[in-house]
Amino acid sequence: MKNVMGLVFANIYDSSLGQLTNKRTQASLPYGGRYRQIDFTLSNMANAGIRHIGIVTQYNFQSLMNHIGSGEEWDLELEENGLEFITPYSMGVSNNFRGKLEAIAAANSGYLAKGKEEYIILADAAVICAIKLEDVVNAHIASGKDVTVVVKSGIANGKKQLDLAVRLDENGEISDMAVDYAAPEDYLASMGMFIMRKDLLVKSAEECVSHNRYRFEREFILQDWADGLLSVGAYQFDEVALFNESTEEYFRNNLAIIDKNIRHSLFREGLTIYTKVRDQVPVYYGENSEVDDCIVADGCVLLGSAFNSVFFRGVKLSTGASVKNCVVMANCEIGIGAQLEYCILDKDVKINAGVKLIGTLEHPVILNRGDVV
Amino acid sequence: MNFQKKRCVAMLLAGGQGTRLYVLTENTAKPAVPFGGKYRIIDFPLSNCVNSGIDTVGILTQYQPLELNEYIGNGQPWGLNRSHGGVQVLPPYAGSKKSEWYKGTANAIYQNIKFIERYNPDNVLILSGDHIYRMDYAKMIKYHEEHDADITIAVRKVPMEEASRFGIMNTNPDGSIYEFEEKPKQPKSNNASMGIYVFKWSVLKKFLIEDEEDPNSENDFGKNIIPAILNSGHKLFAYDFEGYWKDVGTISSLWEANMELLGTDPEFNLYGDGSAPIFARNYALPASYIDTKSKNINCLIAEGCEVYGSVKHSVVSTGCKISKDVVLEDAVIMPNTVIEEGVIIRNAIIGEGCTIRSGAVIGGAFREGEKRQIAVVGKDHVIEVNQVVKPGEVI
């Protein structure tokens with residue numbers, strides 16, 4: 001897929017993820033014991049042979065840049081301009097991008113112009129999935145449509161606000177499209193992934209921005225489709241796709257990979273998910289440990305009991321401590337006899353001996369990075 | 001070409017055939033044998049080099065070098081992917097028309113004099129590729145330089161009754177060596193050589209050339225080079241090392257060394273104090289899944305595993321599947337092995353990439369005081385349904 005470049009938007013849902021994105025982008029949120037959300041997006045692209053990826057980010061991007069580095073884990077360092085961060089200031093825009101379209105228009109003269117690719121895939125890091133993007137590209141080219149949006153069934157439920165939802169007719173053609181809409185169940189949710197010709201994208205973005213239209217889904221896709229200026233097709237994705245657009249979803253979806261079917265869909269043969277390497281030692285399970293139904297990353301020392309939880313790298317769980325239904329990020333320490341249920345512990349949190357914290361599935365207790373309780 | 005000078009170049013002798021590891025080294029050089037869940041034996045001396053500030057390492061290999069070559073690659077996992085120095089795998093007479101095995105450890109270095117000369121080092125550190133330990137070589141080199149020694153040999157105290165199994169360095173009170181005895185029947189001291197030497201390069205080079213010209217020499221460091229240098233009045237010093245060190249050249253010592261990683265205060269702590277990490281080539285594997293029905297006690301389990309059975313006092317390496325109703329006790333499971341339902345494995349080492357079909361029984365339990373015999377299943381083997389591998393049996 002040398003003919004396709006990637007463009008990833010890193011900050012899309014920052015505001016709905018509360019304190020978890022205080023000091024990081026949504027894309028660099030830890031996920032699945034040893035990943036950042038963007039690892040899935042970048043790996044999907046790298047696995048499809050995409051060699052040029054731009055990452056649009058506006059603020060809080062220090063941790064994202066640290067994580068991705070030169071992109072060597074995704075082999076992006078091998079080519080000139082394999083990876084580029086696109087920030088408002090580097091693009092001569094003095095304020096934040098007012099929407100994806102402004103970022104695209106701003107990047108046009110720079111990064112987008114450098115690549116010789118004919119097609120471009122737009123994605124964000126909010127939807128966790130392992131997807132074979134070659135299939136999407138091939139389907140897009142075969143369809144002859146201007147744009148293909150990747151969609152997922154079973155997400156629309158009449159309650160969840162969707163960025164973009166479509167309804168298909170019996171021929172698989174889009175019969176209705178809506179934005180920012182709590183669509184009913186017969187709609188398919190956009191996974192935030194779009195493929196189109198790069199020249200069309202650039203031309204459209206520039207035209208939209210010149211008319212103060214900045215919002216990609218609402219003011220470009222929907223508007224031009226409704227006006228009959230743009231043909232849009234839908235590619236239905238059948239494997240697991242987890243939408244992490246709010247704190248509650250993020251919490252549920254982190255615990256979701258404990259489920260075998262979900263885990264085996266996200267980590268499939270031939271679709272390796274790459275991440276930054278850390279030299280951590282294998283996990284030690286103590287003499288009196290009891291670990292049931294958990295995901296555990298390297299570097300943990302588990303001496304207490306744990307149930308239905310996800311442990312990121314380097315967590316120390318002391319004797320007699322009990323952790324249930326929790327997401328415990330890297331390098332947390334949980335003291336002797338502490339009791340945690342339904343909690344999200346951000347990195348480097350220290351829970352002192354005997355502390356008891358109980359949240360609920362809908363409202364987990366969230367501890368900020370470095371908190372000592 | 002004008003190369004920058006290096007203070008010390010390390011040469012790692014990885015050529016050993018490892019015949020005492022039997023099936024585990026059938027298609028693998030000994031240093032490439034997996035250890036401790038996610039490492040290979042060679043990660044330990046290599047990481048020690050990096051943590052000691054040595055950035056130029058030659059790896060001398062001749063048996064089954066393919067896997068080792070692939071593992072080392074460009075040295076990036078150890079931070080040794082450098083434009084000047086870094087890590088290089090050196091097979092016998094690379095780049096020469098004459099193809100010859102390394103005749104001995106000294107000959108291996110002799111054949112690579114050109115490699116060493118490129119860096120014009122003051123000292124050359126000679127290491128073995130089959131020892132598990134954590135050591136700051138910089139301290140030893142400092143000791144070597146402070147004593148203006150021609151050779152400094154790292155030694156550790158062994159129990160007197162075991163001293164006759166080792167190369168013993170007899171020293172004066174100032175640490176200088178006056179006598180070297182290879183496996184003495186009546187040992188005079190218990191300073192056992194660890195096979196770690198710092199040589200003044202100018203001295204080593206001279207003796208390597210002389211040794212090569214001697215048709216009766218076995219071209220071995222212990223048998224020829226060190227006695228020759230000692231007998232010609234050069235300064236040899238012993239450097240005391242305290243801490244964990246293990247030769248993992250046999251099945252039982254390899255098994256033991258794995259077991260010594262276990263416990264809350266293990267004999268060898270892989271993590272250490274955090275300042276000298278052991279680097280390894282990491283593969284992109286997800287975090288491990290531990291099922292409700294599993295029971296894991298006092299064990300190490302690396303990433304990329306799915307564990308449904310019980311793992312007790314064992315080491316399970318990356319990418320293994322331990323199915324339900326499996327019992328592992330005192331076992332070492334090397335990477336990417338699949339163990340099907342109901343298998344029982346005790347006191348055993350299972351090689352990389354094996355499939356152990358359901359109901360198989362491998363090894364057995366031993367009573368206190370009874371001599372343990374470790375059952376071994378070689379790399380990429382398939383053990384059939386209900387097959388029995390007896391204690392101590394090697395397949």
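Rule-based calculations on the coordinates, nothing more; no lab input. Note that the structure is predicted; figures quoted are calculated from it, not measured. Cβ sites come from the backbone with ideal geometry, for glycine too, and all protein chains shown count toward neighbours.
Things to note:
- Equivalent-ellipsoid semi-axes of region A:18-130, from the Cα gyration tensor, Å, largest first: 21, 19, 12
- Counting every other Cβ atom within 10 Å of each residue's Cβ, B:78, A:225 order from fewest to most as A:225, B:78.
- Relative contact order of chain B, defined on C-alpha pairs under 8 angstrom at six or more residues apart (%): 14
- Calculated P(r) tail over 20 Å for region A:284-367, as whole % of Cα pairs: 16
- Estimated from the Cβ-Cβ distance and a Förster radius of 56 angstrom, the FRET efficiency linking residue B:7 and residue A:360 is about 0.40.
- Computed 3J(HN,Hα) for region A:270-283, one whole-Hz value per residue from the Karplus formula 6.51 cos²θ - 1.76 cosθ + 1.60 where θ = phi - 60°, is x, 10, 5, 9, 9, 8, 5, 7, 10, 8, 9, 7, x, 6, glycine and proline marked x.
- Unit charges on C-beta of K, R, D, E only; dipole of chain B, Debye: 460
- Label-to-label distance, residue B:275 versus residue B:146, with points set 7 angstrom from Cα along the beta-carbon direction: 1.6 nm.
- Here the residues A:143, A:210, ranked from fewest to most Cβ neighbours within 10 Å of their Cβ, fall in the order A:210, A:143.
- Dipole-positive endmost among A:30, A:237, A:305 within chain A (Cβ charges, Cα centre): A:305
- Using 0.36 nm per residue and subtracting the Cα-Cα separation, the extra length available between residue B:179 and residue B:218 on full extension is 12.0 nm.
- Inter-label distance for residue A:75 and residue B:101, nm, one decimal - labels placed 7 Å from Cα along Cα-to-Cβ: 3.8
- Charge dipole magnitude, Cβ of K and R +1, D and E -1 - region A:284-367, Cα centre, debye nearest 20: 220
- Rg over Rh, two decimals, the protein assembly as shown (C-alpha only, Kirkwood Rh): 1.03
- Percent of Cα pairs exceeding the 24 Å cut-off, where the set is region B:229-371: 39
- Shape index of region A:96-147: Rg/Rh, with Rg the Cα radius of gyration and Rh the Kirkwood radius from the inverse mean 1/r over Cα pairs, equals 1.01.
- Amide H contacts under 5 Å for residue A:36, placed H, 5+ residues apart: A:31
- Principal-axis analysis of the Cα atoms of chain B puts helix B:137-146 at an angle of about 20° to the longest axis.
- Rough spin-label spacing in nm, given labels placed 7 Å along Cα→Cβ, for residue A:268 and residue B:165: 5.3
- Per-pair calculated FRET efficiency, R0 = 22 Å: residue B:157 and residue B:252 via Cβ, rounded to 0.05: 0.50
- Over region A:12-76: Rg over Rh, Cα atoms, Kirkwood Rh: 0.96
- Residue-span extension gain [residue A:227 to residue A:142] - 0.36 nm each, minus C-alpha spacing: 28.2 nm
- Estimated vicinal HN-Hα couplings, Hz - region B:118-131 in sequence order (Karplus 6.51, -1.76, 1.60; Gly, Pro = x): 3, 9, 6, x, 6, 10, 10, 9, 9, 10, 9, x, 9, 10
- Calculated over region B:74-153, the projected area of the Cα convex hull averaged across directions stands at 6.9 nm².
- Sorted by Cβ density within 10 Å, fewest first, the residues B:339, B:59: B:59, B:339
- Convex hull volume of the Cα atoms of chain B, normalised per residue: 153 Å³.
- Rounded to whole Å, sorted largest first: equivalent-ellipsoid semi-axes of region A:68-180, Cα gyration tensor: 29, 19, 16
- If R0 equals 30 Å, the separation of the Cβ atoms of residue B:370 and residue B:186 corresponds to a calculated FRET efficiency of about 0.40.
- A simple rule links phi to the HN-Hα coupling: the Karplus curve 6.51 cos²θ - 1.76 cosθ + 1.60 with θ = phi - 60°, which for region B:264-281 gives 6, 10, x, 4, 10, 8, 4, 6, x, 9, x, 8, 10, x, 8, 8, 8, 6 Hz, with x for Gly and Pro.
- Calculated on alpha-carbon atoms, Rg and Dmax of region A:4-266 in Å: 17.2, 49
- For region B:257-312, a/c is not less than 1.5, where a ≥ b ≥ c are the root eigenvalues of the C-alpha gyration tensor, and a/b does not top b/c. That puts it in the oblate class.
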